[in-house]
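Notes follow once the structure below has been shown.
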Amino acid sequence: MKYEQNLQVKLRDRYRRLYKTGQDAYVTECRYLRSFVLKSPALRAIVESAERADPGLSVEDWIDQNINSDGYDWPDSEEGRASVIWRLLNDIAQGKANVLQLGTSFAPVGERDIDTILRYMTEQAIEPFVEYLEERLGTASQTLYLLERLKRRLETFDVDELYARYDADKTHGEAIYDRYIQKFLFDQGVDYIISQPRSASGEADNIANVGSDDSLVEETKLYNGDHYDVSYIRKGFNQAVHYAHDYGKTVSHLIVINLSENNLQISSDDDATLWPPRLHASGVTVFVVVIRARPMPSASYRGSQKTVAVTRDDLAHLE
């Protein structure tokens, strides 16, 4: 809860800065707001969920047809409106939109003061988007935020202990890490975790809250570059897609426990700067979270490292 409250405060602060900003720095402040959303897993998850909520909505077509010199109109759903505003914010931040021309769509006819026009646009467009994010913090899925914390927790505090347990009992290695994931999620407040439930496609490692929008469908796979290789990750990707179908979901998560000395670089269908990488297949978005689970020497003793690139073609051939 404290995390959500802090995020709400920071989000509101960024909105205030934008509201008070004049024409000279308006695009820059939009860029800061966009970057803040993208770097916050919980906010990014809300935006991505809104985009998936209305797959029949063409955001670009809506903007072309409904936001012009005659005024503006929003889609029927709040999710649709959030998706349209998010696109407008991206276009402004990336220099794809003429901010003054766009602003006149939201200002009264005849208004000529540029700062006033921008303030109208901020109130009519950006503020509803910020309110949408604020309202859904704590109720929308924060799975990506939790998985990011899982990755940091294991890599920072528990890597030595878990690897020692794995090294002593490799036969049950995957179960050791899967149990750790279950315990972490429970400690973070995910109360109803079902481990390896039977479905039409087999047994997912972990599912939670599948009857709501705040759901988790997760598969865990080891990687060591030998017996557990890229083909084993591909198997996990296939399972993640099929399990999502079994539970009527459009999102699933694949956690890759990297036990090798190499870096793993997973291809992404979206912006490569966004974490985690994600691939779209058969109507499902699979978020691939790679966790470095092998203790490594300090950087000064590590020497050069090999990076293993895992492409879309390596994974997204459904079986």
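On the stretch given as the stretch 64-99, residues that are farther than 16 Å from Arg31 by Cα, part of a helix (DSSP H, G or I) and either more than 24 Å from the chain's Cα centre (by Cα) or polar (S, T, N, Q) (or both) total 4.
Considering the stretch 14-56, and only residues there that are aliphatic (A, V, I, L, M) and farther than 15 Å from Tyr132 by Cβ, the residue that is surrounded by the fewest Cβ atoms within 10 Å (Cβ to Cβ) turns out to be Ala25.
Criterion applied to Ser49, Ser69, Ser105, Ser40 was being at pLDDT below 95 and closer than 22 Å to Gly22 by Cα, and the one residue passing it is Ser69. Assessment of the stretch 290-305 against the conditions (farther than 21 Å from Leu162 by Cβ, more than 18 Å from the chain's Cα centre (by Cα), at pLDDT 90 or above and in a loop (DSSP other than H, G, I, E, B)) yields no matching residue.
Of all residues in the stretch 253-276, those satisfying the criterion of being touching a residue at least 40 places away in the same chain (Cβ under 8 Å) and either assigned to a strand (DSSP E or B) or hydrophobic (A, V, I, L, M, F, W, C) (or both) are His253, Ile255, Ile257, Leu259, Asn263, Leu264, Gln265, Ile266, Leu274, Trp275. Identify, from the list Asp205, Asp167, the residue that is over 25 Å from the mean Cα position of the chain (by Cα) and at pLDDT 70 or above. Testing whether each residue is over 25 Å from the mean Cα position of the chain (by Cα) and at pLDDT 70 or above leaves just Asp167. Residue-level check: of (1) at positive phi; (2) in contact with a Pro (Cβ under 9 Å, 6 or more places away or on another chain); (3) polar (S, T, N, Q), Ser267 misses just (1).
Here is a list: Leu137, Leu150, Leu133. Which entry is open to solvent by less than 20 Å² (accessible area, probe 1.4 Å) and farther than 18 Å from Leu33 by Cα? Step through it out loud before you land on a result.
Values: Leu137 fails: farther than 18 Å from Leu33 by Cα; Leu133 fails: farther than 18 Å from Leu33 by Cα.
Every option except Leu150 fails the conditions.
Among the candidates Gly248, Gly225, Gly236, the residue that is open to solvent by 60 Å² or more (accessible area, probe 1.4 Å) and either assigned to a strand (DSSP E or B) or among the small types (Gly, Ala, Ser) (or both) is uniquely Gly248.
For the condition free of Cβ contacts under 8 Å to residues at least 60 places away in the same chain, touching a Gly at 6+ places or on another chain (Cβ under 9 Å) and surrounded by 17 or more Cβ atoms within 10 Å (Cβ to Cβ), what is the one hit in Trp86, Trp74? Reasoning before the result, please.
On the way: Trp86 fails: touching a Gly at 6+ places or on another chain (Cβ under 9 Å).
None of the others qualify; the one that does is Trp74.
The values are calculated or read from the model by the stated rules, or taken from the named source; none is laboratory data. Computed from a predicted model, the values in this text were never measured in an experiment. In this analysis, Cβ positions are derived from the backbone assuming ideal geometry, glycine residues included, and neighbour counts consider all displayed protein chains. Heads up: the accessible areas ignore ligands, DNA and RNA and are worked out on the full protein's heavy atoms, side chains in. Shrake-Rupley method; radii C 1.70, N 1.55, O 1.52, S 1.80 Å.
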